[in-house]
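Asker: Pasting a structure below so you can have a look.
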Amino acid sequence: MSTDQGFILSLFSEATRHKDFQHKWMSSDTWAALINKYYVFDNTLAFNGKDLLASINSKKQRHLQAQLDLRSSVPKDHIGIFREKHRFHGGSSYTWFFYATDKGQCPDKTEKKWHETINDANDLLNKVITRNEAIETKNTTKVILNLHPFTPPSKKRKILTPVRLRTSETLAPENKSPNGLSCSSVVHHCPPTTTAPTFSYWDSPEARKLFRVEEDEDTQQSIRLQIEVLMKANASDTSLP
């Protein structure tokens, strides 16, 4: 069973905001590998570069595609994600690459051509994530949950073992890009947009399976209840002598 495209795009969107992943031209395979390592804690939900490309190139994501191809007149609310394709010498097909930066910015200008600065992210992929970095924290709650106000379920829910939520590593200090950056690569003409695409997978079968949702609940209710249980458990641990 293939991983839900909404789930893939949601994690891709979150990963592009990670400072350690920004300002690098990385292939779709590299992005997928980074997301699997830092964000996916259930191996059944792992995906590859082809899955990521299929999600981005879906007919439902025309707006996202337009933003990825935009180079000139980048608006302040642009998502800050760009794409290019390159065929290496002797290769028979093109490889897609993606670049992430702060919202409203465009790729940094360098003396080299963009495809000469491709990054394989070996340092990030080989880095060991500590136990503390892989356990649920308050920051994880803010990152994963962007939900509507909690509505209590219609009947009592049996208490489940708290779900282990894996978080990304601590974000590196933000390095603000200097004003007046010029854009690299070929200029693509596309009308400015005012609304960035939103990705949601909370109603998908994958989300309900992942967060062990009861039949009488929606995913949001289930997560909030489990977060409450986990926070109480963590508080009990820290209170011990």
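Asker: State the extension gain, in nm to one decimal, for the chain segment bounded by residue 87 and residue 212, taking 0.36 nm per residue of separation less the distance between their alpha-carbons. Display every interim value, and only then the final one.
Answerer: Details: separation 125, 0.36 × 125 = 45.00 nm, distance 4.34 nm.
Computed gain between residue 87 and residue 212 is 40.7 nm.
Asker: Between residue 125 and residue 94, how many nm apart are label points set 7 Å from Cα along the C-beta direction?
Answerer: 2.3 nm
Asker: Using a cut-off of 11 Å between beta-carbons, work out the net charge of the residues near residue 2 (Lys and Arg +1, Asp and Glu -1, residue 2 not included). Please report the intermediate quantities before stating the final value.
Answerer: Details: positive: 50; negative: 4, 51, 206.
Within the 11 Å Cβ shell, the charges total -2.
Asker: Would you work out the Kirkwood radius for the range 71-133? I mean one over the mean of 1/r across all pairs of different Cα atoms, in Å.
Answerer: Evaluated over the range 71-133, this radius sits at 14.4 Å.
Asker: Separate question: What is the distance, in nm, between label points placed 7 Å from the Cα along the Cα-to-Cβ direction at residue 118 and at residue 50?
Answerer: Each label point is offset 7 Å from its Cα along the Cβ direction, giving 1.9 nm.
Asker: Would you mind getting the Kirkwood hydrodynamic radius of the range 19-97 from its Cα pairs, rounded to one decimal in Å? Could you put the intermediate results ahead of the total?
Answerer: Values: mean 1/r = 0.0705 Å⁻¹.
Every distinct Cα pair counted, the radius reaches 14.2 Å.
Asker: Using per-residue counts of other Cβ atoms within 10 Å, averaged over each peptide, order 10-19, 67-76 from highest down.
Answerer: On the way: 10-19: 19.3, 67-76: 16.4.
Top to bottom by mean Cβ count within 10 Å: 10-19, 67-76.
Asker: Any idea how far apart residue 19 and residue 109 come out in nm if each label point goes 7 Å out from Cα toward Cβ?
Answerer: 2.6 nm
Asker: Now for a separate question. Below 16 Å Cα-Cα, how many Lys pairs turn up in the range 1-126? Only count pairs eight or more apart in sequence, or on different chains, if you could.
Answerer: Lysine pairs meeting the criterion: 11.
Any read-out appearing in this document is the output of simple, stated calculations on the displayed coordinates, not a laboratory observation. In this text the structure is predicted, and so the values were computed from the model without any measurement. Heads up, the Cβs are rebuilt from the backbone with ideal geometry, glycines too, and the neighbour counts pull from every protein chain shown.
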